[in-house]
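The values are calculated or read from the model by the stated rules, or taken from the named source; none is laboratory data. On a predicted model such as this, the values are computed, not experimentally measured, just so you know. Cβ coordinates were reconstructed from backbone atoms using ideal geometry, including for glycine residues, and neighbour counts include every protein chain displayed. Surface accessibility is based on the protein's heavy atoms, side chains included, excluding ligands, DNA and RNA. Shrake-Rupley method; radii C 1.70, N 1.55, O 1.52, S 1.80 Å.
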Amino acid sequence: MMDRPQMTLRQVFWLFVNSRFIITLVFIPQLRELHYTQDIIPALLLSFPMELLIGIVFVILWSRYPNHTLIEYSRLILGRWIGPIIGLLYISYFIFNTAITVRVFDEFLATRFFINTPLEVIELGILLIAAYVLYCGLEVLGRCADLLVPIIFLGLLLVIALALPQANWRQVVPTWETSLPEMLLSNFPGATRWNEYTWMAMVIPFISNKKHLQRAVYMGIGFNRLFWIILMVPIVAIFGSGIVGNLQFPTYELVEIISVGQFLERIDALVLGLWVFGAFLKIAIFYYAAVFGASQWFGMNRIRPIILPMGMIIFTLSLLLFSNVVELRNLGKSLTFFDFTFVVVIPLIMLLIHYSKKRIRAADNGNT
């Protein structure tokens, strides 16, 4: 019998908001996807209802199968043949997302801080730390999130506050040159990137208080959207719509221009610390989803025997996926359909089949 770890709803909330925010904190793809960045405020506000709608399918599934993981209820809904295939696809999805996060983590550090350090050393270091946390258990990861994520967001607020004096707010006064269909289209990739629903589907059975889960998820989406506005609007206001889309790491560029009284400058270490903490938590939770999913798929009672082998797969894949940051960006542009399939299409199909089976059973019971 596999051990049943426990997590509080607050810990899951912090993991959820951090996982969605931390990667895009570095790249901020929305600044490239929106054609007129001066319309950033209405575009960000418009994306909020889209993100809420995309999350509804998984939330309903969780309410129907509160004591089962994604691997388990895919078998219950789709049967003994198709269910395991879908489960295997999701395990591969977890591995792929972990590898991408590790490589983004590596590229940022290697480009800005550890220029002469081999990629393999950085990646191996973060994966070994994540593997150690998984050995300690899911509860330890939850406690880390409880401690670190509030620090990450408070640190981010400090960075933004220090940069605000250099903002030109006329740069973010909406021109409405972007039409509503264009805004919807530009927000669609970002809305489908909420792959956090997939790893949450692996830890739902372990949440000690599921009563307010739906509220916590929607609050997490709103929390992320609020911080996106707090971060992205000042970035556009400081750099201008003509420059901001060409910045490689916009948040880091923001930190570089901070100067308070000529004595508080070059606070790069603050961003480095925030990024390392946040990326570690995102890597660890997707790593856990991959390991736990694989253990359930193979019918194993313990996850520890496959933690290191799974880590080696992730390590190898992260090195093979792309050779530089340009390829990484290009890959990100092509992931919209990929994410949409796993976040929306497959869960929606499972939900429809669930209700179809329920209706058929109800009709059969009525006939008897």
Per residue, in Å², the accessible surface of the stretch 129-256 once ligands and nucleic acids are set aside, probe 1.4 Å: 41 Å²
Net lengthening on full extension, L180/F338 (0.36 nm per residue, minus Cα-Cα): 54.4 nm
Global form of the stretch 55-160, assessed from the alpha-carbon gyration tensor, a/c cut-off 1.5: prolate
Around G83: net Lys/Arg minus Asp/Glu count, Cβ-Cβ under 11 Å: +1
Amide H contacts under 5 Å for M7, placed H, 5+ residues apart: I207, S208
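Provide the net charge surrounding A191, with neighbours chosen by a C-beta distance below 10 Å and charges set as Lys +1, Arg +1, Asp -1, Glu -1. Before the final figure, lay out each step's value.
On the way: positive: R193; negative: E51, D339.
Taking every Cβ under 10 Å from that of A191, the sum is -1.
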Net charge of neighbours whose Cβ lies under 12 Å from the Cβ of G299, counting Lys and Arg as +1 and Asp and Glu as -1: +1
Label point distance in nm, A269-V121, each placed 7 Å from Cα along Cα→Cβ: 2.0 nm
In Hz, Karplus ³J(HN,Hα) per residue of the stretch 309-315 (6.51, -1.76, 1.60; θ = phi - 60°; x = Gly, Pro): x, 5, x, 5, 5, 4, 4
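Sort the stretch 103-244 into rounded, prolate or oblate with this rule: let a ≥ b ≥ c be the square roots of the eigenvalues of the Cα gyration tensor; rounded if a/c is under 1.5, and if a/c is not under 1.5, prolate when a/b is larger than b/c, oblate otherwise.
It is oblate, given that a/c is not under 1.5 and a/b is not larger than b/c.
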